[in-house]
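This report concerns only the one structure given below.
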Amino acid sequence: MADAAASPVTLITGARKGLGRFLCEHYLGRGHRVVGCSRGPSDLTHARYRHFEADVADEAAVRPIFKHLRKAHGGLDHLINNAGIASMNHLMLTPIETVDRVFSTNVIGTFLFCREAARLMQRRPRGRIVNMTTVADPLNLEGEAAYAASKAAVRKLTEVLARELAPLGITVNAVGPTPIRTDLIRSVPEDKLEALLGRQAIPRFGEPEDVTNVIDFFLRPESDFVTAQNVFLGGVA
């Protein structure tokens, strides 16, 4: 087995397409051993990549992922909780099933992976957890009540877990992207997207590289004194 210091083990959720796929390719390019998961299969093939099909909020389906990490790699260095779903609709037109689905993936899934990752990370000298929030939270975006609320919960979860896991040498941080042209925003009308961009200090769509720039910083060994932080992109505060 490759030396963990030279070839870190990185787990990425929501890895099949969009930003998650980009993250997998980015960290494979940096020499990481990458494990990804999503509800569906992935066509990404690489000697250092293993993909699992699982709903991130299904505890029974998630167990084999961490069993593999423990047996194949002896632990885990990095977790990037990228899996997430959004729903844009007025409060009075939002079915409770939609709210349940959004919170299950965004909050319960993030909680479950943080918990299981921390149990493995304590085997390493250090660990890094990076969660995903959203600018829909500070901007209080109309039509995004369930999504923004779920990601606000992730932001608070990040802050609390940072304190709980600090004694284990594990940092917990988050990044809140602006809209990136992925499937997550495919159903959002273009005029609403343009209005959102206009509320940013830097009024443009985000790029995957904007996100990996922040995650790279959080994962650095030198960032061991950085925890409980959330970085909203685009000049949103």
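The values are calculated or read from the model by the stated rules, or taken from the named source; none is laboratory data. Because the structure is a prediction, the values reported are computed rather than measured. Here the Cβ positions follow ideal geometry from the backbone for every residue, glycine too, while neighbour counts run over all protein chains shown.
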Condition set touching a Ser or Thr at 6+ places or on another chain (Cβ under 6 Å) and assigned to a loop (DSSP other than H, G, I, E, B), scope region 17-59, selection surrounded by the fewest Cβ atoms within 10 Å (Cβ to Cβ): answer is 31
Note on region 64-96: residues in a helix (DSSP H, G or I) and either free of Cβ contacts under 8 Å to residues at least 12 places away in the same chain or within 30 Å of residue 191 (Cα to Cα) (or both) are 67, 71, 91, 92, 93, 96
Filter region 66-95 for residues that are under 22 Å from residue 149 (Cα atoms) and small (Gly, Ala, Ser); the one that is nearest to the chain's Cα centre (by Cα) is 83
Picked from region 129-153 (must be modelled with pLDDT of 95 or more and among the charged types (D, E, K, R)), the residue surrounded by the most Cβ atoms within 10 Å (Cβ to Cβ) is 151
On the basis of being closer than 19 Å to residue 172 by Cα and within 13 Å of the chain's Cα centre (by Cα), does residue 20 make the cut?
yes
Expected single match for of a type in the set (Lys, Arg) and under 17 Å from residue 220 (Cα atoms) among 39, 50, 63, 30 is 30
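Given the criterion closer than 19 Å to residue 114 by Cβ and not small (Gly, Ala, Ser), identify the matching residue among 26, 46, 51, 73.
None of the others qualify; the one that does is 73.
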All-but-one check, residue 126 against (1) modelled with pLDDT of 95 or more; (2) closer than 18 Å to residue 11 by Cα; (3) among the charged types (D, E, K, R), failing number (1)
- Message: Take residue 143 and tell me if it is assigned to a helix (DSSP H, G or I) and not acidic (Asp, Glu).
- Response: no
Of the listed residues (156, 192), the one being at pLDDT below 95, more than 29 Å from residue 7 (Cα to Cα), of a type in the set (D, E, K, R) and assigned to a helix (DSSP H, G or I) is 192
Exception for residue 212 within (1) part of a helix (DSSP H, G or I); (2) of a type in the set (Ser, Thr, Tyr); (3) at pLDDT below 95 falls at (3)
Per the filter on region 197-237, residues closer than 21 Å to residue 30 by Cβ, surrounded by fewer than 16 Cβ atoms within 10 Å (Cβ to Cβ) and in contact with a helix residue (DSSP H, G or I) (Cβ under 8 Å, 6 or more places away or on another chain) are 226
